[in-house]
Amino acid sequence: MERRCLDAQFKGVSTGTTILAATFDGGVVIGSDSRASIGGEYVSSKTINKVIQVHDRIFCCMAGSLADAQAVLKAAKFHLSFHSVQMESQPQVIAAASVLKDLCYKNKDELQAGFITAGWDRKKGPQIYVVSLGGMLISQQVTIGGSGSTYIYGYVDAKYRPDMSREECLQFATNALALAMGRDNVSGGVAHLVVITESGAEHIVVPGNKLPKFNDE
């Protein structure tokens, strides 16, 4: 697939700002900031929600080319809906991640899209899977991505605990996003967070002026 740009300095619209997911005792939190960038230098949108619901208790964060990621997610939603009807049950989180992996791998020469898939199912409880740009699938307890993630690896390594409560994990995710937004020139806006547990999913939006403030700000 040939890609053309109006100007050599501009690249395709990217969702690569700051995305993350973390499991806690009984559930998982997945979140992102609300900006999309072009070429890692220009903010093309300040109001994009990169946390996308693909089934009742399964959500994804997009990375890479926005157009590619949206196309893959649209196809994945169809696959999962069909799978759910065939099996007469809710799809497992690994099934959603595997669909995304297959789509990314089979089209790796044409697509530039990666995903964090997080959710809860009755077989394995809370789970997180990372699908890389080339279609590699990895299971993790906590993961971060995008340009803003460069600035928060130390914070995540130091502060994350798998036995955190719901409130502790929400604060951890909010702090991580706030720290990334404070350092990364193309991360910012509001924080979109989704808490997924056995009882369902709750979408939380933290406005920019309500995010935690740190000593360097």
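Across the range 129-146, the qualifying residues are those that are under 13 Å from the mean Cα position of the chain (by Cα) and of a type in the set (Ser, Thr, Tyr), and the one among them that is nearest to Arg161 (Cα to Cα) is Thr143. Counting only residues that are open to solvent by 10 Å² or more (accessible area, probe 1.4 Å) and modelled with pLDDT under 90, which one in the range 146-180 is farthest from Val29 (Cα to Cα)? Selected residue: Ser147.
Scanning the range 39-48 finds one or more residues that are buried (at least 18 other Cβ atoms within 10 Å of the Cβ), touching a strand residue (DSSP E or B) at 6+ places or on another chain (Cβ under 9 Å) and closer than 20 Å to Ser147 by Cα.
When the range 133-145 is filtered for residues that are out of contact with any Lys or Arg (no Cβ under 9 Å at 6 or more places or on another chain) and either among the hydroxyl-bearing types (Ser, Thr, Tyr) or over 22 Å from Phe24 (Cα atoms) (or both), the ones remaining, listed by number, are Ser139, Thr143. Given the criteria at pLDDT below 90, surrounded by fewer than 21 Cβ atoms within 10 Å (Cβ to Cβ) and either in contact with a helix residue (DSSP H, G or I) (Cβ under 6 Å, 6 or more places away or on another chain) or not aromatic (Phe, Trp, Tyr) (or both), does Gly208 qualify? Yes, satisfied. Cβ-Cβ distances below 9 Å connect the following pairs, each with a first residue in the range 83-111 that is free of Cβ contacts under 8 Å to residues at least 60 places away in the same chain and β-branched (Val, Ile, Thr), a second residue that is in a helix (DSSP H, G or I) and open to solvent by 70 Å² or more (accessible area, probe 1.4 Å), and a separation of six or more residues or different chains: Val99/His79.
Could you count how many residues in the range 75-90 are under 25 Å from Ile144 (Cβ atoms) and either touching an Asp or Glu at 6+ places or on another chain (Cβ under 8 Å) or open to solvent by 60 Å² or more (accessible area, probe 1.4 Å) (or both)? The number of residues fulfilling the criteria is 1. From the list Ile138, Ile116, the one residue that fits, being open to solvent by 60 Å² or more (accessible area, probe 1.4 Å), modelled with pLDDT of 95 or more and not in a helix (DSSP H, G or I), is Ile138.
The values are calculated or read from the model by the stated rules, or taken from the named source; none is laboratory data. The model shown is predicted, which means the values in this text are computed figures rather than measured ones. Counting neighbours? That spans all protein chains shown, and the Cβs are built from the backbone with ideal geometry, glycine included. With ligands, DNA and RNA removed, areas are computed over all heavy atoms of the protein, side chains included. Shrake-Rupley method; radii C 1.70, N 1.55, O 1.52, S 1.80 Å.
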